[in-house]
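**Student:** If you scroll down you'll find the structure; I have some questions about it.
The values are calculated or read from the model by the stated rules, or taken from the named source; none is laboratory data. Keep in mind that what you see is a predicted model, and the values were worked out from it rather than measured. Counting neighbours? That spans all protein chains shown, and the Cβs are built from the backbone with ideal geometry, glycine included. Just so you know, the surface numbers come from the protein's heavy atoms only, side chains and all, with ligands and any DNA or RNA stripped out. Shrake-Rupley method; radii C 1.70, N 1.55, O 1.52, S 1.80 Å.
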Amino acid sequence: MDQPPSSVKLLGSWADSHTHRVQLALKLKGLEFEYQEEDFINPSPALLLHNPVYKKVPALLHGGRSIVESIVILQYIDETWTDNPIMPADPSERAVIRFWCHFTDDKLAPAVGLVFSSSGEGQKAAVDQVHENLKLLERELKDGAFKGRRFFGGDKIGLLDIVLGCGSYWLAVFEEVMEVKLIDPNPSPSSMHGCETSRSNRR
């Protein structure tokens, strides 16, 4: 039986895409929760208590427990409240989703970050790396594990859509500020289709 969503609290930041992931998952599950905005520079005593290792958002508090790291939190939410699942039931499919979530945080996100911390040829190389990473996701949608699906999660938004979508939300802003093109609109990567839909569901 699903556990009641009593005393669910999220410590996060409006400017943090990882916080947005958790917020979106909770809303897709139809769960009510208390939200506490955190300061990146001066984290609250509550955040330092509940995430003493990394001292960063997001942190989910539920039933006297602290769950940290957004991917871990998303899986906890899905396993605790099983209605409206965001992960597939099949173990092999779950493994594929976990792999591409790791890819997003381990390769795609750092490449995007490097775009904004570099300049000149270094920045151009970072942009090229972002494009290559997006092409890998595109290939998986067209010919790989997610072929024929509307979203990475199938007919509905799933965990990988949440992970990618909440990062893509900021790309248009970053492109304008840095005057770079991270997403080639011609052809528009179908891998970003689910991301844009995830974004529209967060509004």
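**Student:** Are there any chymotrypsin sites (Phe, Trp or Tyr not before Pro) in region 11-64 that are in a DSSP loop and have at most 12 other Cβ atoms within 10 Å? List them by number. Please report the intermediate quantities before stating the final value.
**Tutor:** Values: sites: TRP14, PHE33, TYR35, PHE40, TYR54; in loops: TRP14, PHE33, PHE40, TYR54.
Passing both the DSSP loop test and the Cβ count: TRP14, PHE40, TYR54.
**Student:** When the accessible area of region 1-117 is split by element with a 1.4 Å probe, what percent falls to carbon and sulfur? List each step's numbers first, then the result.
**Tutor:** On the way: 3670 of 6250 Å².
Result for region 1-117: 59 percent of the exposed heavy-atom area is carbon or sulfur.
**Student:** Here's another thing I want to ask about it. Is the shape of region 1-152 best called rounded, prolate or oblate, per the rule: a/c under 1.5 gives rounded, else a/b larger than b/c gives prolate, else oblate, with a ≥ b ≥ c the square roots of the Cα gyration tensor eigenvalues? Don't skip to the answer; put the middle values down first.
**Tutor:** On the way: a/c = 2.67, a/b = 1.23, b/c = 2.18.
The shape class here is oblate.
**Student:** Considering amide H positions built from the backbone, and no H for Pro or chain starts, which residues 5 or more places from GLU38, or on another chain, come under 5 Å of its amide H?
**Tutor:** Under 5 Å from the amide H of GLU38: GLY12, SER13, TRP14.
**Student:** Continuing with this model, one more query. Between rounded, prolate and oblate, where does region 16-92 land on the alpha carbon gyration tensor, with a ≥ b ≥ c its root eigenvalues, rounded for a/c under 1.5, else prolate if a/b exceeds b/c? Write out the running numbers ahead of the final one.
**Tutor:** On the way: a/c = 2.07, a/b = 1.89, b/c = 1.10.
Verdict is prolate for region 16-92.
**Student:** Let me ask something additional. Can you list the HN-Hα couplings for region 48-65, worked out from phi with the Karplus curve (6.51, -1.76, 1.60; θ = phi - 60°), rounded to whole Hz and with x for Gly and Pro?
**Tutor:** Once θ is set to phi - 60°, the couplings for region 48-65 become 5, 6, 8, 9, x, 7, 9, 6, 9, 8, x, 9, 9, 10, 7, x, x, 10 Hz.
**Student:** Right, another one. For region 2-55, what does the relative contact order come out to in percent, with C-alpha contacts under 8 Å and a separation of six or more?
**Tutor:** Contact order relative to length: 39 percent.
**Student:** Show me, for region 134-139, the HN-Hα J-couplings you get by feeding each phi into the Karplus relation (A = 6.51, B = -1.76, C = 1.60, θ = phi - 60°), rounded to Hz, glycine and proline as x.
**Tutor:** 5, 5, 5, 5, 4, 5
**Student:** Under the definition of Cα pairs under 8 Å and six or more residues apart, what whole-number percent is the relative contact order of region 71-160? Don't jump to the answer; show the numbers that get you there.
**Tutor:** Values: 61 pairs, mean separation 25.8, N = 90.
29 percent.
**Student:** Would you grab the residues whose amide H sits under 5 Å from the one on GLY153? Only those 5+ places off in sequence or on another chain, please, with H modelled 1.01 Å from N.
**Tutor:** GLY158, ASP161
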